[in-house]
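Each remark here refers to the structure printed beneath this line.
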Amino acid sequence: MRSTSFATVLILAAGLGLSASAQPLERAGSPADTRVTRSEHPAPTSAPRGAGFAGEFVTMRDGFENYPVGVTLGGRGQFATPSSFTGPDGFEWGVNQVLGQTSTAYTTVVDLAGSPVGGNATRAIRITTAVAQPPGGFFTGARVRADQVLVADASTTASASFEYYATSILQSHTVEPTNSLAGFIVSRLYWGGTNETTDLGLPIGPVPTMHFLGLCDTCGFGFFTYFYLARYCVGYNGVIDPDCTPPMGVESGDAVVPPIGAWTRAILEVKPDARFRWSLDLMNGEPPFLIGEDDIFVASNFNQIGSNTSFESQDSAFYFDNAEFSGVLADVPMPPPLLCPYLDDIEWLPLGGFQDSSTLRWQRGPISSFTIVDDGPRGRVVAQTDPVLDNRHSFGFATLLPANTLTTGNDHAVSFDARLTGDAVRAFALRNNSGLVARVFWGNEDRSVPGSPVFTPSFFVQTDGAFDPLDSAAGNPDTVQPVVGVHIQDTGFSLPDDDYATITMRLSANGALRVEVNGQRVYTGPASFRGGFVNALAFESERNIAAFEPSIRVDNIAMTCDAPSCATDFDFDDLTSFSDLNAVLSNFGATGLTGFHPGDANADGVVNFTDLNAVLAAFGTSCK
């Protein structure tokens with residue numbers, strides 16, 4: 001019989017936190033939390049996900065042999081092709097992504113060839129407890145995000161699994177196939193460590209046996225999740241499977257003791273009858289054995305499998321290897337390809353509360369939320385309202401852009417339609433892997449006015465590349481207030497109130513930025529450049545305390561990568577002329593330059609023949 005005494009309401013929102021340890025840990029929530037833990041940055045698109053192959057059966061095995069050894073798996077993680085895959089003729093799997101903690105001290109790809117673990121001498125993912133955490137913590141360890149989304153159909157079982165090697169029962173570990181499209185796990189296998197929070201089917205105190213997360217359909221109103229004790233060869237509703245053979249030394253119905261110090265494959269199957277089934281393979285030549293079965297309660301398809309941990313036991317290590325997926329390709333929304341010219345009109349995203357899209361093209365911040373809404377004749381748009389007014393400038397949401405290198409022959413232009421309401425400071429930032437490329441602000445607030453800060457409804461451009469307005473979760477937000485004329489420049493232009501405006505940010509290889517609103521130029525000058533390309537557009541908000549329900553709606557993200565170049569225009573008149581040639585000749589031979597500098601057409605810090613040739617080639621031309 002299913003226990004109903006201690007259940008928890010299924011959480012339908014997502015968010016991340018940080019522990020107070022010496023190194024940052026990514027908190028995964030609570031053991032019974034079914035939310036998907038998210039990466040800090042979106043992943044790049046590889047092959048089209050199942051384009052033209054929806055409903056076809058495919059398999060994939062990733063032994064992590066194609067991933068670099070020893071680098072951090074935090075942030076955007078690492079990307080590589082899997083070890084093998086099968087599918088119909090013409091099908092390509094693309095790249096997978098491995099993610100984990102923000103420090104190599106916690107999670108990394110290791111090569112076990114020199115020091116085999118349990119006989120494994122290949123590459124594997126290792127999760128190490130570098131700094132012991134208090135009992136009861138629950139943090140992200142690592143996960144493998146697949147390039148495809150798989151699902152069971154009316155006659156086909158889908159499965160996700162990986163091999164793991166645990167060195168200690170003194171800290172908790174999980175295995176969890178997840179669906180980042182829906183934002184939830186399929187189920188969670190849990191064991192070890194000490195549970196001190198609340199009884200959700202787990203024992204209070206040490207957890208020496210395995211449990212799996214399932215649906216409690218007798219817990220009252222709504223959907224509830226509950227941990228059920230995993231038992232050898234026991235399936236749905238506690239019925240022993242007569243076709244299952246338990247391992248030697250135990251009986252069917254006994255509680256499952258997690259293997260320690262031996263490689264084990266944990267397998268989750270999604271059945272055609274809308275049930276999931278957990279099995280273990282001891283990799284000793286005997287067939288896998290059933291340990292639990294229940295109804296699907298949130299997600300029925302998956303594109304990720306990972307492991308969380310409590311990091312309780314100092315120097316304890318957990319390894320996993322050889323992730324495998326099989327099933328039919330899900331029919332998921334397809335974003336536009338990440339190629340220039342690029343246009344995302346948002347129409348491919350489903351209406352409603354946003355979770356990660358199937359390609360991770362869009363991503364929301366840890367305390368932000370946004371939805372996809374139907375905005376009448378305009379169609380689907382991204383809509384966000386600040387949930388908290390605390391004067392903190394934070395990352396709200398972002399979208400990936402095609403990654404192309406700026407050259408002296410081509411500018412890049414990124415545009416989007418935005419409608420703003422409420423007197424809140426917003427910022428639009430172009431970014432790449434190195435950080436900020438350019439940022440413009442809508443509005444500025446003078447917090448020196450107590451109680452009722454003065455809001456200036458103007459467009460501002462950041463020109464100080466070292467300035468970072470993003471506030472931490474703690475501390476005084478006033479310490480990073482931008483200073484006009486020092487960090488940002490006032491264009492004097494004000495956006496139309498409560499109406500869509502097309503904002504265009506045009507980048508040149510010389511480090512200059514041109515900003516237009518509805519086709520009207522509002523700024524031309526230096527930008528806070530870092531790197532020669534852009535691959536993401538981020539939307540930020542200051543969450544002004546004086547604002548009233550500030551909101552933003554965004555549509556039609558576009559990018560061109562072959563606009564006429566303004567890289568040889570140093571006086572910002574949109575024309576390459578004698579003044580620009582003189583800038584090169586006057587500064588010829590200069591070195592060690594940073595950011596925009598007259599004469600340096602490619603912003604490489606040197607004025608030389610490359611810059612002279614670029615000016616001569618463009619002489620007499622306009623870049624409008």
Taking Ser313 as the residue in question, decide whether it is under 18 Å from the mean Cα position of the chain (by Cα) and either at pLDDT 80 or above or buried (at least 16 other Cβ atoms within 10 Å of the Cβ) (or both). no
Filter region 527-559 for residues that are more than 24 Å from the chain's Cα centre (by Cα) and crowded, with 19+ Cβ neighbours inside 10 Å and give the result. Ala527, Ser528, Asn544, Ala547, Pro550
Residue selected from region 589-618 under the condition in a loop (DSSP other than H, G, I, E, B) and in contact with a helix residue (DSSP H, G or I) (Cβ under 7 Å, 6 or more places away or on another chain), by the criterion surrounded by the fewest Cβ atoms within 10 Å (Cβ to Cβ): Pro598
If you take the residues in region 179-209 that are in contact with a Phe, Trp or Tyr (Cβ under 8 Å, 6 or more places away or on another chain) and of a type in the set (D, E, K, R), which one is nearest to Leu280 (Cα to Cα)? Arg188
Being modelled with pLDDT of 90 or more and closer than 19 Å to Asn410 by Cα is the filter here; which residues of region 585-598 pass it? Pro598
Identify, please: which residue in region 260-307 is open to solvent by 10 Å² or more (accessible area, probe 1.4 Å) and among the acidic types (Asp, Glu) and is, among those, farthest from Asp243 (Cα to Cα)? Asp295
Scanning for something β-branched (Val, Ile, Thr), surrounded by fewer than 20 Cβ atoms within 10 Å (Cβ to Cβ) and outside any loop (DSSP other than H, G, I, E, B), does region 112-124 turn up at least one residue? yes
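Can you tell me how many residues in region 433-469 are of a type in the set (Val, Ile, Thr) and over 33 Å from the mean Cα position of the chain (by Cα)?
So the count comes out to 3.
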Could you please find all residues in region 400-412 being in a strand (DSSP E or B) and either β-branched (Val, Ile, Thr) or open to solvent by less than 20 Å² (accessible area, probe 1.4 Å) (or both)? Leu400, Leu401, Pro402, Thr405, Thr407, Asp411, His412
Residue pairs qualifying under the 7 Å Cβ cut-off, at least six apart or on distinct chains, with the first in region 369-382 being farther than 14 Å from Trp348 by Cβ and the second being of a type in the set (Gly, Ala, Ser) and crowded, with 16+ Cβ neighbours inside 10 Å, are Phe370/Ala383; Thr371/Ala383; Val373/Ala383
Restricting attention to region 63-85, which residues are open to solvent by less than 50 Å² (accessible area, probe 1.4 Å), small (Gly, Ala, Ser), part of a loop (DSSP other than H, G, I, E, B) and on the phi < 0 side of the Ramachandran plot? Gly63, Gly74
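Residue-by-condition table, conditions (1) part of a strand (DSSP E or B); (2) over 24 Å from Ser83 (Cα atoms):
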{"position": "Val131", "(1), (2)": "no, yes"}
{"position": "Thr156", "(1), (2)": "no, no"}
{"position": "Ser159", "(1), (2)": "yes, no"}
{"position": "Ser168", "(1), (2)": "no, yes"}
{"position": "Gln171", "(1), (2)": "no, yes"}
Being at pLDDT below 90 and either among the charged types (D, E, K, R) or open to solvent by 20 Å² or more (accessible area, probe 1.4 Å) (or both) narrows it down to one of Val131, Val149, so name that one. Val131
Applying the selection to region 86-107, what residues are of a type in the set (S, T, N, Q), in contact with a Ser or Thr (Cβ under 7 Å, 6 or more places away or on another chain) and part of a strand (DSSP E or B)? Thr86
Within region 237-259, can one find any residue that is open to solvent by less than 30 Å² (accessible area, probe 1.4 Å) and in contact with a Cys (Cβ under 8 Å, 6 or more places away or on another chain)? yes
Would you be able to say whether some residue in region 318-330 is closer than 23 Å to Val109 by Cβ, part of a loop (DSSP other than H, G, I, E, B) and open to solvent by less than 10 Å² (accessible area, probe 1.4 Å)? no
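The values are calculated or read from the model by the stated rules, or taken from the named source; none is laboratory data. Here the structure is a predicted model, which means the values were calculated and not measured. Glycine gets a Cβ as well: all are built from the backbone with ideal geometry, and neighbour counts include every protein chain shown. What goes into the accessible areas is simple: the full protein's heavy atoms, side chains included, and nothing from ligands, DNA or RNA. Shrake-Rupley method; radii C 1.70, N 1.55, O 1.52, S 1.80 Å.
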